[in-house]
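The structure under discussion appears below in the form of structure tokens.
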Amino acid sequence: DTAVSQTPKYLVTQMGNDKSIKCEQNLGHDTMYWYKQDSKKFLKIMFSYNNKELIINETVPNRFSPKSPDKAHLNLHINSLELGDSAVYFCASSQDGPVNYGYTFGSGTRLTVV
Amino acid sequence: DQQVKQNSPSLSVQEGRISILNCDYTNSMFDYFLWYKKYPAEGPTFLISISSIKDKNEDGRFTVFLNKSAKHLSLHIVPSQPGDSAVYFCAAFTGNQFYFGTGTSLTVIP
């Protein structure tokens, strides 16, 4: 049973399109995150949600919007895709403070914008 | 502004020998440091952590050392095994978020 699952695993789309990436966790964790790993392999946080509240929102373009229908899901919607959005996006979750046990990451979604 | 740096993008080690992965950071406010391991096409998995009040934490073959004065963190794997071949990320935590390094790809040669 996959603890944090993301779909799709690969996504190729044209500039200007709108797309969504889904994430689900079955660990009962309270907090979920979205990270972006760029071409330089740099992992950077985009959003986190705790009990349906956005608690971190870094300087991410407003074309990106997280949506959490419930505690187990945090989906990422991207509007008007640009070439620079090409990256691997990781969903993660944590419970009782990520410093003790770290995050549980999904396997990533490789987004390619052409 | 990259606050956590892993300056060696790759490392090759013979099976049975020690692997030493290094990480440097700039922010003295970091409270905790973690190491993650990542296989291709998988997400990073948590490996080991250390609080800023300690200088060493050990878990089996994995030991993390923290030198706060030098703002330096290292992960020792002894003995190294072929299954340890992966990308290793260090991460530092302060406030409510993590900062990740760019990873070091470890290859353990049988």
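The values are calculated or read from the model by the stated rules, or taken from the named source; none is laboratory data. Just so we're clear, the structure is a prediction, and the values are computed from it rather than from any experiment. Counting neighbours? That spans all protein chains shown, and the Cβs are built from the backbone with ideal geometry, glycine included.
Quick notes on this structure:
- Evaluation of B:Phe30 against the conditions (1) in a loop (DSSP other than H, G, I, E, B); (2) without any contact (Cβ under 8 Å) to a residue 24 or more places away in the chain; (3) within 12 Å of chain A (Cβ to nearest Cβ); (4) not hydroxyl-bearing (Ser, Thr, Tyr) shows that the sole unmet condition is (2).
- Flag for B:Ile20 being more than 11 Å from every other protein chain (Cβ to nearest Cβ), touching an Asp or Glu at 6+ places or on another chain (Cβ under 6 Å), over 24 Å from A:Ser94 (Cβ atoms) and not acidic (Asp, Glu): no
- A count restricted to region B:80-98 and to residues that are touching a Leu at 6+ places or on another chain (Cβ under 9 Å) and within 14 Å of chain A (Cβ to nearest Cβ) stands at 9.
- The one condition from (1) surrounded by 14 or more Cβ atoms within 10 Å (Cβ to Cβ); (2) of a type outside the set (D, E, K, R); (3) touching a residue at least 40 places away in the same chain (Cβ under 8 Å) that B:Gly16 does not meet is (1).
- Total residues in region B:27-72 satisfying the condition of being of a type in the set (Ser, Thr, Tyr) and exposed (fewer than 12 other Cβ atoms within 10 Å of the Cβ): the figure is 2.
- Residue check, A:Lys71 free of Cβ contacts under 8 Å to residues at least 24 places away in the same chain and over 22 Å from B:Phe89 (Cβ atoms): no
- Residues within region A:45-78 that are of a type outside the set (Lys, Arg) and either over 17 Å from A:Thr7 (Cα atoms) or loosely packed, with under 13 Cβ neighbours inside 10 Å (or both), tallied: 19
- Scope region A:20-44; condition surrounded by fewer than 19 Cβ atoms within 10 Å (Cβ to Cβ), closer than 18 Å to A:Ser107 by Cβ and in contact (Cβ under 8 Å) with a residue 60 or more places away in the chain; matching residues: A:Leu27
- The requirement of being out of contact with any helix residue (DSSP H, G or I) (no Cβ under 7 Å at 6 or more places or on another chain), modelled with pLDDT of 90 or more and not small (Gly, Ala, Ser) is satisfied by A:Thr109.
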